[in-house]
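Below is one structure, written out as structure tokens, with a few remarks after it.
Each value in this text was obtained by applying a stated rule to the coordinates, not by laboratory testing. Remember, it's a predicted structure, so these values are computed and weren't measured experimentally. Cβ placement follows ideal geometry from the backbone for every residue including glycine, while neighbour counts extend to all protein chains displayed.
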Amino acid sequence: MPGARRRALGTPALSGGLALGYLSLIVLIPLAAVVAKAADGGWHHFWQVAWNREARAALELTFELAGGVVAVNAVTGTALAWTLVRDDFPGKSIVNAIVDLPFALPTIVAGLTLLALYGPTGGVGVDVAYTRWGVLMALLFVTLPFVVRTVQPVLIELDRDMEEAAASLGAGRFTIFRRIVFPHLLPALLSGVALAFARAIGEFGAVILIAGNLPFKTEVASLYVFEHINSDDPTGASALAVLMLVISFTLLLTIGGLRRWATRHDR
Amino acid sequence: MRKLLIALALVALLIPSAAGAARKDTTLNVVGYSVPTSVYPKLFAAYQATPQGQGVKFTSSFAASEVQSKAVAAGLPADVVNFSLAPDMERLVQAGLVAPTWDKNQYKGIVSRSVVVFILRDGNPKHIRTWDDLVKPGVQVVFPNPFASGGARWDIAAAYGAELREKKTPAQAQAYLKELFQNNVSQDTSARNALNTFLSGKGDVLLDYESDAKLAQSQGKPVFYLIPKATIQIETPLAAVKGNNSDAAQQFVNWLYTPTAQTIWAQNGFRSVVPSVEKEFSGGKHPQFPFPPDLFTINYLGGWDKVNTQFFDPTNGIVAKIEQGLGVSTGG
Amino acid sequence: MTRYGVRTLSLGYLAVILVAPVGLIFWRAFEQGLHPFWAAISNPIAVHALKLTLEITVIAVPLNTAFGILCAIAIVRHRIPGMGLVNALVDLPLALSPVVVGLALYLLYGRDGWFGHWLLAHGVQVLFALPAMVLATMFVSLPFVVREVVPVLREIGTQQEEAAATLGASALTTFRRITFPAIRWAVAYGVVLTTARSLGEFGAVSIVSGGIEGRTQTLTQYVQASYENFDQTGAYAASVLLAALAVTTLLLMTVVKRGDRSS
């Protein structure tokens, strides 16, 4: 009954048109302005601007740090998810709620809190302010929930019979994890780290106070764009912004693919 | 859900329009570079106590000079602007926002002066006294980003000029700048941010405005400052912006040159441009603003137009080249 | 033993990265009692920043909620050309740096921008004023409602809606009586997430706001400005206020999750 369906929720042209219009105003046209600005001087000029040493160093550093974020989150995120699902201890529900805090806490506050404790006046004997370690820490703060929240539901659904069967056949804990649990977690884990990776590539608020913003040392891509908006170079800012846009979009498509893979795994 | 929406609508009604500034009184928006952030509130209060200032309200925004200048050019509402250096004002003249005659008053449009100083940690553990000490191995130097901060440009102009004063050739002075950048450990967006970076423990020496040094001391921070033998005189331009409030803005601008206002500037670490006030603070046995033996102005280096092109062009300037060159060794 | 090892690792990590730093901020803010905290957040500039932040949120959240529901329906129910693109674009703000968003609006609504030139000539101030700040906030908080509603809409299918339509119910009635009750918890969850994101937005807004104290400075920008101007008490106090809002959001999320489960 296609006719009935159409009447059920208004005409497709109307709702689709409204959705597209809204999206154009808020997302498409502004991004088009960035692309247009970057393309101002032609293709050759774009590469020249986007691929200068400072921009390249910023991108390299961003990827390095995002890689670190992926590595750390893969381990700690899985461990946290496992603790929340399989372990039991007093205050577990509080821990479960706290994991979401980075989603709700403003990023500038995240940066400030890390600087307060791990900065020069923190009093714990560590000073990561204005170092790559500091930036990494800020990125770890804001990406903490991603892997936990993608792996946790899979772990809950996971049938424990297989693990018990394996154990009764004499398999060690590590073997069980590696052969039975891990393959089931993998798609969710990958989509979690991909989300964390995407977030780490673009993060700004959490790193601005802690990075101290030294070109070639702590200047990540978002800071590069910010600095170049500030220093009268909208073309340079736009060029790197376009690269970041392409990276974000690619990552989103990857994550979409991973999600589909994960659902296939489920069924 | 409907209740939620109604509640949200009620909240919206209860919040008086925060962004709308349409009131009966005049509200002047002052857009400034970062260093006088803490002076302006005092100036506002003093002005509001004068007959002409009654009923005038103020809002303000302070950030790196070039950031602010560009923002005003891009449409940031402003009635009065105070930048770190003249080219940032010229940008607004080009944009038709500031009258080309802004520098035609008896003070040449300069509302306050300062000098570039070394801010050092108490006890001076690295024994830093001269420009040459800054480029010794292991000395960590902090100054802001020269592509955003006017203060950083004054710092670099001071360093370069001081080398020339020591009879170095331009090539040697450029080599000195390169070494200075090698020892640079942080480049913040504004002079204010750089001061913060330094006060939170980073680096051995900060190149900064004398007024920032005095501010840090008044905050009880464990730092002191030295005025190097040769250094540059900082001159910060002020102007009213064209628009609905330009008369009120011009009145405030004029008032900022009165002895009352200039005294507030001086009490907060800035060198006055009005001779009577300047004499009061620079004279006597313990002058608050001693003059270094070899003080030069930007004209010694050929003026800002020349210096900006030569040093701070984002792709071909000497500083851009130095930073790109350093990228090879520090980017890995 | 493995259990304790994993527990120590995960809880230790949580403590080092999250709990200790956030806890320290609370401690610092109240170190000298309630009075300095209160003095810091009740100064006119902080109060204005809070009001402005709430004002932006109150405008952006309903618009994004309405759009989110509409967009989810368009994506799930109407297979029309262009919806694939919409589906992909909706997620973009999740992965895109807020700095790029700020830059985009800066380019569009600046004096030399595509729209900015004309708008300024007609006396409409978008950049460095409320409109641009709302647009930036809407951009970054766009996906949340859509992402929550789409899966639910898929799950509930079309049977009931079609039945209602066959019985002669209008589109609006069908939505009000059939569709909305089914997706309301998803909408509520999306609204909570959108609100949290709007209250906390920093990067995009800081590029387009101009940061005028008492005029276009939001609470997150107030945190930054206070910190940078030696007012640590002010920065910590405003941070605590924002963190308290975040914790409230967390509680709401938990409540909404429970409501969803019980319905």
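Values for this structure:
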{"quantity": "Vicinal HN-Hα couplings computed from phi for region B:99-114 (Karplus, 6.51 cos²θ - 1.76 cosθ + 1.60; Hz; Gly/Pro x)", "calculated": "5, x, 8, 4, 9, 9, 7, 5, 9, 6, x, 9, 8, 8, 10, 7"}
{"quantity": "HN-Hα J in Hz across region C:43-50 - Karplus 6.51, -1.76, 1.60, θ = phi - 60°, x for Gly and Pro", "calculated": "6, x, 5, 5, 5, 4, 4, 5"}
{"quantity": "Gyration tensor verdict on region C:35-262 (Cα atoms; rounded if a/c is under 1.5, prolate if a/b is larger than b/c, oblate otherwise)", "calculated": "oblate"}
{"quantity": "FRET efficiency, 1/(1 + (r/R0)^6) with R0 25 Å, evaluated for residue A:87 and residue A:164 via beta carbons", "calculated": "0.90"}
{"quantity": "Long-range HN-HN contacts of residue B:187 with modeled amide H, under 5 Å", "calculated": "A:214"}
{"quantity": "MRE, 222 nm, helices only [DSSP H, n ≥ 4, -39500 (n - 2.57), over chain C, to nearest 500]", "calculated": "-24500 deg cm²/dmol"}
{"quantity": "Packing-based exposure ordering (other Cβ within 10 Å, fewest first) of C:117, A:44", "calculated": "A:44, C:117"}
{"quantity": "Relative contact order, percent, chain C [alpha-carbon distance under 8 Å, six or more residues apart]", "calculated": "29"}
{"quantity": "Mean residue ellipticity (222 nm) of chain A, computed from DSSP H runs ≥ 4 via -39,500 (n - 2.57), nearest 500", "calculated": "-24500 deg cm²/dmol"}
{"quantity": "Debye, to nearest 20: dipole size of the protein assembly as shown, +1 on Lys, Arg Cβ, -1 on Asp, Glu Cβ", "calculated": "1760"}
{"quantity": "Region C:83-169: relative contact order in percent, alpha carbon pairs under 8 Å with at least 6 residues between", "calculated": "28"}
{"quantity": "Ellipticity estimate at 222 nm from DSSP helix runs (n ≥ 4, -39,500 (n - 2.57)) divided over chain B, nearest 500", "calculated": "-12500 deg cm²/dmol"}
{"quantity": "Inter-label distance for residue B:124 and residue A:171, nm, one decimal - labels placed 7 Å from Cα along Cα-to-Cβ", "calculated": "7.1"}
{"quantity": "Ranked B:211, B:282, B:38, criterion: other C-beta atoms within 10 Å, fewest first", "calculated": "B:282, B:38, B:211"}
{"quantity": "Nearest-0.05 FRET efficiency for residue B:169 and residue C:254, computed from C-beta distance (R0 51 Å)", "calculated": "0.15"}
{"quantity": "J(HN,Hα) series, region A:54-66, from Karplus relation 6.51 cos²θ - 1.76 cosθ + 1.60, nearest Hz, glycine and proline x", "calculated": "5, 5, 5, 4, 4, 5, 4, 4, 4, 5, 4, 5, 5"}
{"quantity": "Sites residue A:156 and residue C:31 - FRET efficiency at Förster radius 35 Å, r taken between beta-carbons, to 0.05", "calculated": "0.25"}
{"quantity": "Cβ-placed point charges (K, R +1; D, E -1), dipole of chain B about Cα centre in debye, nearest 20", "calculated": "580"}
{"quantity": "Reach of residue A:37 by Cα under 21 Å, taken over lysines that are not fewer than 8 positions away in the same chain", "calculated": "B:70"}
{"quantity": "Contour excess over end-to-end distance, with Cα ends at residue B:219 and residue B:279 and 0.36 nm allotted per residue", "calculated": "19.0 nm"}
{"quantity": "Positive-end extreme of charge dipole, chain B - chosen from B:174, B:73, B:290 (charges on Cβ)", "calculated": "B:73"}
{"quantity": "Ranking of B:285, B:229 by count of other Cβ atoms within 10 Å, fewest first", "calculated": "B:285, B:229"}
{"quantity": "Spatial separation of Cα centroids for region C:143-216 and region B:100-173, in angstrom", "calculated": "55"}
{"quantity": "Whole-Å distance, taken between Cα centres, linking region A:176-242 and region C:1-37", "calculated": "25"}
{"quantity": "Nitroxide proxy distance, nm - points 7 Å out along Cα→Cβ at residue A:39 and residue B:321", "calculated": "3.5"}
{"quantity": "Inter-site label distance for residue C:79 and residue A:96 at 7 Å from Cα along Cβ, in nm", "calculated": "3.8"}
{"quantity": "Amide H contacts of residue B:115 (H built 1.01 Å from N, under 5 Å, at least 5 apart or other chain)", "calculated": "B:210, B:211, B:234"}
{"quantity": "Chain A: C-alpha gyration tensor shape, a/c 1.5 cut-off, then a/b vs b/c", "calculated": "oblate"}
{"quantity": "For residue B:59, residues with placed amide H under 5 Å, excluding near neighbours", "calculated": "B:28, B:29, B:30"}
{"quantity": "Listed residue pairs exceeding 25 Å between alpha carbons, taken from B:108/B:306; B:42/B:202; B:108/B:221", "calculated": "B:42/B:202; B:108/B:221"}
{"quantity": "Whole-number percent relative contact order across chain B, with pairs defined as alpha carbons under 8 Å at least 6 apart", "calculated": "22"}
{"quantity": "Net dipole in debye of region B:109-176 [+1 Lys, Arg Cβ; -1 Asp, Glu Cβ; about Cα centre; nearest 20]", "calculated": "80"}
{"quantity": "Extreme residue, positive dipole direction of the protein assembly as shown, given options A:98, B:303, A:33 (C-beta unit charges)", "calculated": "A:98"}
